[in-house]
Amino acid sequence: MSETVRTQHRVRASELVGRGWLNTGGKSLDLEALRGKIVLLDFWTFCCINCLHVLDELRPLEEKYSDILVTVGVHSPKFEHEADPVALAAAVERYEIHHPVLDDPELETWKAYTARAWPTLVVIDPEGYIVAHLSGEGHADGLRVLVEELVAEHDAKGTLHRGDGMYVAPEPTSGTLRFPGKVTTLANGNYLVVDSGHHRLVELRPDHETVERVIGSGTKGYLDGQAEVAQFNEPQGVALLPAEIAWKVGYDAVVADTVNHRLRGVTLSSGYVQTLAGNGVQRLLDAGPARVSESGAGTWAANDGGAAAPAEASHHPADFAGDAVDVGFLGRGDAVSLSSPWDVVWSEKLQRIVIAMAGTHQLFAFDPLSSNVSILAGSGLEGLLDGPAEEAWFAQPSGLAIDAAGDVWVADSETSALRRVAISESGVTVHTAVGKGLFDFGFRDGDAAAAMLQHPLGVTVLPDGSVAMADTYNGAVRRYDPATNTVSTLARGLAEPSDLVLVQPDDGDPLLLVVESNKHQLVLVPIPKEAQQVDEGASQTHRPKSPMAPGDLSLTVRFTAPTGQKLDDRWGDPTQLKISSTPPELIVAGGGTSVGLLRTIELSSEVPDGILHITARAAACDGPETEDGEIPDHAACHLYQQDWGIPVVLQADGDSELVLDLRGMD
């Protein structure tokens, strides 16, 4: 594996610089203190679903090599709220991170290690030299091989020091709820709360505090069964089925069991939990319905980020030309891979559960009667793009609601946007009500075209047809009024509100019940006749813009197949680049999709700045090779993908070359 992930040159690691440290008992760490250990730097930000995937990928490595491997999470925030040290400390606890974390709000260490994407992984050997630099997900196997190589090498040199790591556990949060996710109202007037941090469901009485019962053992894991033994893993969303559907299928509620990558069904009368969809293997890229290459050979697992997934579609990478993803049937629930389902809602119009599939930036649908899973909307590419369902882009959709017309409202968190998915006989189309793109956010009321949100996670529809949003990173509840196309603020000062539901008292005005996740509680918020007006201006991510020169830009994406695999060139070039920009005028020539990982594009001299959207793909198959060097007919094959959104500023002395790593070499 060394030829795959190890760098070609010995480069001394830069010092770790930031505002402070977490999980170290108050101590500051530096490279000298880490000398003798294999150090894995994980550049992450707590809004990023791919970063959360990597946290789980690294846990087995950290446990196996606890005496010689030190993981250091370098938190490099995207959103303004993520630079808040209190919010970061809560996120470290929420996601049960058991390694030191460097708080890097000014991205000093991020820039020193030339990180370009969340997540980025950098491996430093016991002598303080960088030996690997990786982007994206799916590197656990390669890292395991690399660690074994480094152990052997530095054991022989006497430069490897075994012993305890640097992690010091903080004081845990105690209480009935711990970082709750979503909530729904039950027919008996109680509330079913997804108690994400305790890995369970809690039924609360109308006082929002008294526990009626608990569903789930509270132990992180995966296990079907009765309420007291069933296990979840950071569940987030919950939805109730209509009574007539529930009677037919034998369960009442559907739960988005996020880290287990599954949908679970709950029978409320008994608390019994069963699995409805998801085979437990993370889905990394959707390729739509099964397609077969012209030769009929090769079964491909569609991947996003470099990890192998079960083969659910048969196709060659050439089938991805044009990047059109078929929207439609995927398979029966227990045979389909899901990826971090974050919220669920029942659609009467579709007669299905709609799923916010945060991990693949799509909306899925689940039919309780047939157990079939399908793609409802989204190409799988990350960003903000409206249009027909199969062409639209989402970015970590995290909250869902249905309006009176049967359309789906979506809290699209990473674009800080409110989206509407219109469902009609002529098809499914996606529209943006509020929001501009991946790197634009803020706190601004007024006309929707200028209004700004910051990483919203929840959404609900109010009686008058307007839409209330849990504007999570602004700590606010916002309201979008389609009639006037304006945004207003209903409440402020909340600690990461993650969901809200409408509460209609027997007498009095309607209220919103808000899940205040970072205060581990539910709170009521009035719905005033006139919302307060807020304009604190717009913001952009702290991520620095890369200076690029107008004119020709030479782009190289480096990829080497992992040890034991071979590039699959049986049907031509197995690599592909898709390049576009925001605004589109940034690229004068060289955009679009074509084979190969080398491209020259021309950047405009008339556009001051923008974002380059780059998607790289490569296909490789497992060995061993046959005697003639060919790939065996029945070899397992894998599609590797990495997406980049790179903010750039155009200036005469900027770079005319851009080098990115799909997997492996620095």
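Below is a table of values for the structure above.
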{"quantity": "Residue match in the stretch 258-275 (condition: among the hydroxyl-bearing types (S, T, Y), touching a Pro at 6+ places or on another chain (Cβ under 8 Å) and surrounded by 18 or more Cβ atoms within 10 Å (Cβ to Cβ))", "calculated": "yes"}
{"quantity": "Condition broken by L61, with the remaining ones in (1) part of a loop (DSSP other than H, G, I, E, B); (2) closer than 27 Å to L338 by Cβ satisfied", "calculated": "(1)"}
{"quantity": "Condition met for L61 (farther than 24 Å from G359 by Cα, surrounded by fewer than 23 Cβ atoms within 10 Å (Cβ to Cβ), at pLDDT 95 or above and not aromatic (F, W, Y))", "calculated": "no"}
{"quantity": "Qualifying residue in the stretch 357-365 (condition: closer than 18 Å to A448 by Cα, touching a residue at least 24 places away in the same chain (Cβ under 8 Å) and surrounded by 24 or more Cβ atoms within 10 Å (Cβ to Cβ))", "calculated": "no"}
{"quantity": "Of all residues making up the stretch 184-204, the number that are over 15 Å from L268 (Cβ atoms) and either assigned to a loop (DSSP other than H, G, I, E, B) or not hydroxyl-bearing (S, T, Y) (or both)", "calculated": "4"}
{"quantity": "Qualifying residue in the stretch 397-406 (condition: modelled with pLDDT under 95, buried (at least 23 other Cβ atoms within 10 Å of the Cβ) and of a type in the set (S, T, N, Q))", "calculated": "no"}
{"quantity": "For G399: the one exception among (1) of a type in the set (G, A, S); (2) in a strand (DSSP E or B); (3) over 20 Å from S498 (Cα atoms)", "calculated": "(3)"}
{"quantity": "Enumeration of residues in the stretch 562-584 that are among the small types (G, A, S) and surrounded by 16 or more Cβ atoms within 10 Å (Cβ to Cβ)", "calculated": "S580, S581"}
{"quantity": "So V86, is it in contact with an Asp or Glu (Cβ under 6 Å, 6 or more places away or on another chain) and more than 30 Å from K566 (Cβ to Cβ)", "calculated": "no"}
{"quantity": "Residue identified as within 25 Å of the chain's Cα centre (by Cα), surrounded by fewer than 21 Cβ atoms within 10 Å (Cβ to Cβ) and in the same structural domain as V54 (by TED's automatic domain parsing) among A91, A140, A132", "calculated": "A140"}
{"quantity": "Residue ID - farthest from Q282 (Cα to Cα), chosen from residues in the stretch 245-267 that are among the small types (G, A, S) and not in a helix (DSSP H, G or I)", "calculated": "G250"}
{"quantity": "Condition check for S14: assigned by TED's automatic domain parsing to the domain that holds V168, in contact (Cβ under 8 Å) with a residue 60 or more places away in the chain and within 28 Å of D643 (Cα to Cα)", "calculated": "yes"}
{"quantity": "The stretch 101-157, residues that are of a type in the set (D, E, K, R) and more than 24 Å from L639 (Cβ to Cβ)", "calculated": "D103, D104, E106, E108, K111, D125, E127, E148, E149, E153, D155, K157"}
{"quantity": "The listed residue being without any contact (Cβ under 8 Å) to a residue 60 or more places away in the chain and assigned to a helix (DSSP H, G or I), out of E149, E171, E153", "calculated": "E153"}
{"quantity": "Filtered residue count, the stretch 473-485, keeping only those that are out of contact with any strand residue (DSSP E or B) (no Cβ under 6 Å at 6 or more places or on another chain), under 21 Å from D403 (Cβ atoms) and not charged (D, E, K, R)", "calculated": "4"}
{"quantity": "Residues satisfying the stated conditions in the stretch 196-217, i.e. closer than 19 Å to A91 by Cα and free of Cβ contacts under 8 Å to residues at least 40 places away in the same chain", "calculated": "H198, H199, R200"}
{"quantity": "Of all residues in the stretch 65-89 being without any contact (Cβ under 8 Å) to a residue 40 or more places away in the chain and not in a strand (DSSP E or B), the one that is farthest from V122 (Cα to Cα)", "calculated": "V86"}
{"quantity": "Scan of the stretch 433-449 for residues that are touching a residue at least 40 places away in the same chain (Cβ under 8 Å), assigned to a loop (DSSP other than H, G, I, E, B) and more than 25 Å from the chain's Cα centre (by Cα), ordered by number", "calculated": "D445"}
{"quantity": "Subset of the stretch 113-129 that is modelled with pLDDT of 95 or more and aliphatic (A, V, I, L, M) - its residue that is surrounded by the most Cβ atoms within 10 Å (Cβ to Cβ)", "calculated": "I124"}
{"quantity": "Test: G465 is in contact with a Pro (Cβ under 7 Å, 6 or more places away or on another chain) and in a loop (DSSP other than H, G, I, E, B)", "calculated": "yes"}
{"quantity": "The lone exception for G250 - which of (1) on the phi > 0 side of the Ramachandran plot; (2) outside the structural domain of Y272 (by TED's automatic domain parsing) it fails", "calculated": "(2)"}
{"quantity": "Test set (1) in contact with a Pro (Cβ under 9 Å, 6 or more places away or on another chain); (2) surrounded by fewer than 21 Cβ atoms within 10 Å (Cβ to Cβ); (3) not acidic (D, E) - S498 fails condition number", "calculated": "(2)"}
{"quantity": "Some residue of the stretch 26-40 being touching a residue at least 40 places away in the same chain (Cβ under 8 Å), closer than 29 Å to T360 by Cα and in contact with a strand residue (DSSP E or B) (Cβ under 7 Å, 6 or more places away or on another chain)", "calculated": "yes"}
{"quantity": "Scan of the stretch 100-129 for residues that are more than 23 Å from E496 (Cβ to Cβ) and either part of a loop (DSSP other than H, G, I, E, B) or assigned by TED's automatic domain parsing to the domain that holds H198 (or both), ordered by number", "calculated": "P100, Y113, T114, A115, R116, A117, D125, P126, E127, G128"}
{"quantity": "Those residues of the stretch 366-392 which are surrounded by 22 or more Cβ atoms within 10 Å (Cβ to Cβ) and assigned to a strand (DSSP E or B), in sequence order", "calculated": "F366, V373, I375, L376, A377, E382"}
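Per-residue answers, yes or no, for (1) at pLDDT 95 or above; (2) under 24 Å from H520 (Cβ atoms):
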residue: L204; (1), (2): yes, yes
residue: H208; (1), (2): no, yes
residue: G216; (1), (2): yes, yes
residue: L223; (1), (2): yes, no
residue: A230; (1), (2): yes, yes
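Every residue, every condition in (1) under 22 Å from L660 (Cα atoms); (2) charged (D, E, K, R); (3) modelled with pLDDT under 80, yes or no:
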site	(1), (2), (3)
T489	no, no, no
A495	no, no, no
E530	no, yes, yes
G564	no, no, yes
L567	yes, no, no
R570	no, yes, yes
D573	yes, yes, no
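The values are calculated or read from the model by the stated rules, or taken from the named source; none is laboratory data. Quick caveat: nothing in here was measured; it's all calculated off a predicted structure. Counting neighbours? That spans all protein chains shown, and the Cβs are built from the backbone with ideal geometry, glycine included.
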